[in-house]
Amino acid sequence: MKSLKILLATQNKHKIAEIQAILPEITFTIPEKCLDIPEGSVSYIENALLKATRWQKEYPNHYILADDSGLEVEVLGNAPGVISAEWAGKDATNQEHIDKVMTALENEPNRKAKFVAYIVLLAPTNSSIGEPISNIFFSRGESLGRIAPTQSRAEGFGYDPIFLAQELDYTCTLADLSSEQKNSISHRYHALIGIRDYLLYLIGNKNG
């Protein structure tokens, strides 16, 4: 019997490594081709679903797992939020995004923030796998924290060098953590854990 095929709808090497580390029980297909998928700015779910449906056209026999995430700073009205990857400009560097946040919070005492992630799992268009509970499965995760007074010298992905996690009592930024430490508390971890049991159910149903 053929194994379940689950495609990660991303070509971001950092994100791929993080997802595979969080869900080592799952074997994912990694896309080889490159798709230019413009994202809207309405909601995380819509962006994740847009990625999933676009990749499904290329891989109709796969389950498609897509995500969208962002940093939300309370005093900035939850900006940058859904446009976190382009807040300082479409071609801006990570450092430019960080600088924009730090400048906006200069002399601001309220530095509450959180990372939010939404996961979408889209079933194959021609699925015959004991029929899944739903054609679309959603999961949400978040990591509460606040923006650090100064940027960490450690290299990190995205806004990690300025985010102090509440789960670590605000003692260090996400960039200061090992991959294993970050993957045990991140917003993406919480979102993926919310979908892990369903993925394992699908795998068991396919292979059983």
### Task
Please give the length that would be gained between Glu86 and Lys112 if that part of the chain were fully extended, namely 0.36 nm times their separation in residues minus their C-alpha to C-alpha distance (nm, one decimal).
7.3 nm
### Dipole of the chain [Lys/Arg +1, Asp/Glu -1 at C-beta], most positive-end residue of Leu202, Ser152, Tyr44
Leu202
### Query
Which of the peptides 53-60, 89-96, 182-189 is most tightly packed, and how do the rest follow, going by the mean number of other Cβ atoms within 10 Å of each residue?
182-189, 53-60, 89-96
### Query
Using θ = phi - 60° and the Karplus curve 6.51 cos²θ - 1.76 cosθ + 1.60, what whole-Hz ³J(HN,Hα) does each residue of the range 86-93 get, with Gly and Pro shown as x?
10, 4, 8, x, 4, 9, 5, 7
### Task
Based on other C-beta atoms within 10 Å, arrange Val75, Val101 from fewest to most.
Val75, Val101
### Query
Using just the C-alpha positions of the chain as equal point scatterers, what log10 of I(q)/I(0) does the Debye formula give at each q in 0.11, 0.14, 0.18, 0.19 1/Å?
-0.53, -0.83, -1.26, -1.37
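About the Cα centre of the chain, how large is the charge dipole given +1 on each Lys and Arg Cβ and -1 on each Asp and Glu Cβ? Please answer in debye to the nearest 20.
The calculated dipole for the chain is roughly 600 debye.
If r is the Cβ-Cβ distance from Ile45 to Leu200 and R0 is 25 Å, what FRET efficiency results, to the nearest 0.05?
0.60
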### Distance violations [Cα-Cα > 32 Å] among Lys51/Lys100; Lys51/Lys182; Lys15/Lys100; Lys33/Lys112
Lys33/Lys112
### Query
Using only helices, what value at 222 nm comes out for the chain when you add -39,500 (n - 2.57) per DSSP H run of length 4 or more and divide by the total residues, to the nearest 500 deg cm²/dmol?
-9000 deg cm²/dmol
### Message
Could you give each residue of the range 74-84 its phi-based ³J(HN,Hα) in whole Hz, using Karplus coefficients 6.51, -1.76, 1.60 with θ = phi - 60°, and x for Gly or Pro?
### Response
3, 5, 9, x, 6, 6, x, x, 5, 9, 3
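No lab work stands behind these numbers, since they all come straight from the coordinates. Please read all numbers here as calculations on a predicted model, not as lab measurements. Positions of Cβ are backbone-derived with ideal geometry, glycine not excepted, and every protein chain shown enters the neighbour counts.
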